[in-house]
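FYI, it's all coordinate maths here, none of it is from the lab. Nothing here was measured: the structure is a model prediction, and the numbers come from that model. When we count neighbours, we look across all protein chains shown, and the Cβ atoms used for this are built from the backbone with ideal geometry, even at glycine.
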Amino acid sequence: METKKTSLYQLHQDCNAKFVEFAGYQMPIQYSEGIVEEHKFTRNHSGIFDVSHMGQLFIYGGEDLIKDLEKIFPLDLKNLKLNHSKYSFLMDKDAGIHDDLIITKTNEGFLIILNAACKDNDFKILKELLKERYKMVLDENKSLIAIQGPKSSQILNEVFDGVKDLNFMSGNWFTFDNKKVFITRSGYTGEDGFEISILNNFADKLTRELINKGSKLIGLGARDTLRLEAGLCLYGHDLDKDKTPVEANLKWAISKERISKGDFIGSDIIIKQLNNGVDKIRVGIKPEGKIIAREKTKIFNQFDVHIGEITSGTFGPSVNGPVAMGYVENEFSKKNTKVFLEIRGKKHPANICSLPFYKKSYVKGVN
Amino acid sequence: MSEVKYSKEHEWIKLDGDVATIGITKHATEMLGDIVFAELPEKGSSVDKDGTAGVVESTKAASDVYTPVSGEVVDINQEIVDDPSKINQDPENTAWFFKLKIKDKSELNSLMSKEDYDKFAKEGSA
C-alpha cells in the first residue's frame, strides 16, 4: 500500500522534517532542531502538531444515537453538554481496548477522534454495532492540527477571536477564510492547547500563519516524549486488546452513573475489576540514574521475580531524566516500590511513581 | 600523531603511539538525534575488533557502539556519561568515548580515510 501524505507534507519538507512511516502515513518525526528542543519549545512557548493522520469520524443523529452510543462507550452522553468532549475507549466484550479516543457532542451528532492505526477497524466495528442506522463519515477531507503550550491560546486567538475563552475539553465553530472550522481546547502533551479540524485545502495556510505568529512545527518524536511525561497512554503500546481501562488505571474516564447501570460493552468485566481489583495495573516507573528503559523491558521485584513489563520508556527532556510506564502485578504498584529493570542483561534499580512525571497545566474546567 | 580513520559503524579512531582514541562521528550523531545516555566499557577491560564497547541512546532508540580495533581500555570519557548532550556538540573532538592500548596496528589498515568515509556516509544516508 502506498504511504499517504497529509496536507501539510510540503510544509514539513520546507521546514526540513525527517520523515517516518507511521500508520501508513509519511509523518515528520522531527525537524532540524531535534526532539529535545522541540519538546522544550512546546512546554515553554507553543508547538504545532500535524495530527491529520488521526481519524475524524462524524456520526450524525439525535436522541436515538445517544442511546446507541451509550451501549458502546462507558460515558454519560445524554448529560454531556453540547460541544463538550470526553476521553473514552472502544472496547470488546471482555473490556479489551480496541482504541482510545476523544468524543465530542456536536449540534449534528458526535465527532470522534481516533488513532491513525486503528481508525479503519474502529469504523468497521462501530458501523456493525450501530447497524448502519446512522450516517457515518470517516472524513478524509479534513486535517487535524494541534497547537500546544502556554503561548498557544494567545497565538490562536489572533486568528480565531474568542478561542481563548473555550474551557478545557470543550469546543466551538470558528471561521477561517469564510470556511467553518471546529476547534476544541484539548491535546495530548500535558499542556494547554487546541485541536483544529479544518478542510485540507486551508490547513497549510493556517499553519503557516500560526508559524508567523511565533509557533513552531513539532514532530512525532517530541509528541511522544511530551505525552509520556504527562503520563498519557499511547495505543498499541500502553493500551491494547489485552488490557482493560481499569488495568490501564483509567477508571476516572468511566462514568460512575453508567457503571451503576452496567449496560455497555465490556461492563461485566469492568464492574468485576472495579469490585475485586485487578491482577496487573499501569504505573509510572522512574529508573534511578540515567539509564533508559524502553518498551518490552522486563520488570523484577527485589527477589528477582518477574512482575511486569515496560510499555513506554524514553528520556524526558523536561524531567531531564529517564521516564517510563508499564504494567506490574498489583501488589507491587504502590508508589516508591523498588523494582529492577533488565536492560542489556543487567538489572537496574527503579521506583514505582505516580503519574504524571510533569505537572499538567490545563486551563479551568478540567472534567 | 597519525591521521584519523573511520569505520563502517561510524566510529572514528586516532592513534597516538600505541594508544587509540575512539569516538562516534558527527554523521552518526546527526542520524541518532539528541543523545541522552551513554554507556562506556570498563577501564582495564579488553575489547575485540568489531565487538560492542558501549551504548548510546537518543530520545528515539538505543544503538551499540563498536570498537574498530582490539585492545585494553586505558581511559574512558566520564564527561560524556555525566552529560551525554556533549556528544552532539563536539563528537569528533572533546566528546571521545574511550582510549585503547592497541594490540595490532595492522587492524587499522581496513579502516577508511576521511574522504572515503564521507563518501560512504553520504551514500548510506541518501
Revision key, fill the gap. With the charge dipole of the stretch A:251-353 built from beta-carbon charges (+1 for Lys and Arg, -1 for Asp and Glu) about the Cα centre, the Cα from A:Gly345, A:Ile291, A:Gly262 projecting farthest to the positive end belongs to A:Ile291
Practice item. Report the charge-dipole magnitude of chain A in Debye, nearest 20, computed about the Cα centre from +1 at each Lys and Arg Cβ and -1 at each Asp and Glu Cβ. Key: 740 debye
Practice item. Taking the Cα centre of the stretch A:182-340 as origin, work out the dipole magnitude from +1 charges on Lys and Arg Cβ and -1 charges on Asp and Glu Cβ, in debye rounded to 20. Key: 280 debye
Exercise for review: May I ask you to evaluate 6.51 cos²θ - 1.76 cosθ + 1.60, the Karplus curve with θ = phi - 60°, for each residue of the stretch B:100-116 and list the ³J(HN,Hα) values in order in whole Hz, giving x for glycine and proline?
Suggested key: 10, 8, 8, 8, 9, 4, 5, 4, 6, 4, 7, 7, 8, 6, 4, 4, 5
Check your understanding: Could you give me the ³J(HN,Hα) list for the stretch A:111-125, computed from phi with Karplus coefficients 6.51, -1.76, 1.60 and θ = phi - 60°, whole Hz, x at Gly and Pro?
Key -> 10, 10, 9, 10, 5, 3, 6, 9, 4, 5, 5, 4, 4, 4, 4
Point to revise | Bins of 5 Å from zero: percent of alpha-carbon pairs in chain B | key: 2, 12, 24, 25, 21, 12, 4, 0
Study note, to complete from the structure: Dimensionless Rg/Rh of the stretch A:1-130, both radii on Cα and Rh by Kirkwood, sits at 1.05
Check your understanding: So which trypsin sites (Lys or Arg not before Pro) in the stretch A:74-125 end up in coil per DSSP with only 11 or fewer other C-beta atoms within 10 Å?
Key -> A:Lys81, A:Lys93
Review point. How far is the Cα center of the stretch A:168-212 from the Cα center of the stretch A:290-326, in Å?
Key: 35 Å
Review point. Treating the beta-carbon of each Lys and Arg as +1 and of each Asp and Glu as -1, no other charges, what is the dipole magnitude of the stretch A:107-243 about its Cα centre, to the nearest 20 debye?
Key: 200 debye
Check your understanding: Taking square-rooted eigenvalues a ≥ b ≥ c of the alpha carbon gyration tensor, is chain A rounded, prolate or oblate, where a/c under 1.5 means rounded and, failing that, a/b exceeding b/c means prolate?
Key -> oblate
**Study point:** Using θ = phi - 60° and Karplus 6.51 cos²θ - 1.76 cosθ + 1.60, couplings along the stretch A:254-270 (whole Hz; Gly, Pro as x)
**Key:** 9, 5, 5, 4, 6, 5, 4, 8, x, 10, 10, 4, x, 5, 4, 5, 4
Study note, to complete from the structure: Taking the dipole of chain A about the Cα centre (Lys, Arg +1; Asp, Glu -1; charges at Cβ), the one of A:Gly231, A:Asn157, A:Ser52 that reaches farthest to the positive side is A:Gly231
Review point. With the dipole of chain B worked out from charges on the C-beta (+1 for Lys and Arg, -1 for Asp and Glu) around the Cα centre, which of B:Ile35, B:Gly51, B:Ile87 lies farthest toward the positive end?
Key: B:Gly51
Point to revise | Cut-off 12 Å between beta-carbons: net charge of the residues surrounding A:Ile198, Lys and Arg +1, Asp and Glu -1 | key: -2
Revision key, fill the gap. For A:Phe41, A:Phe194, ascending order of other Cβ atoms within 10 Å (fewest first) is A:Phe41, A:Phe194
**Study point:** Cubic angstrom per residue, convex hull over Cα atoms of the stretch A:56-128
**Key:** 82 Å³
Practice item. Could you line up B:Ser70, A:Ser88 from fewest to most neighbouring Cβ atoms inside 10 Å? Key: B:Ser70, A:Ser88
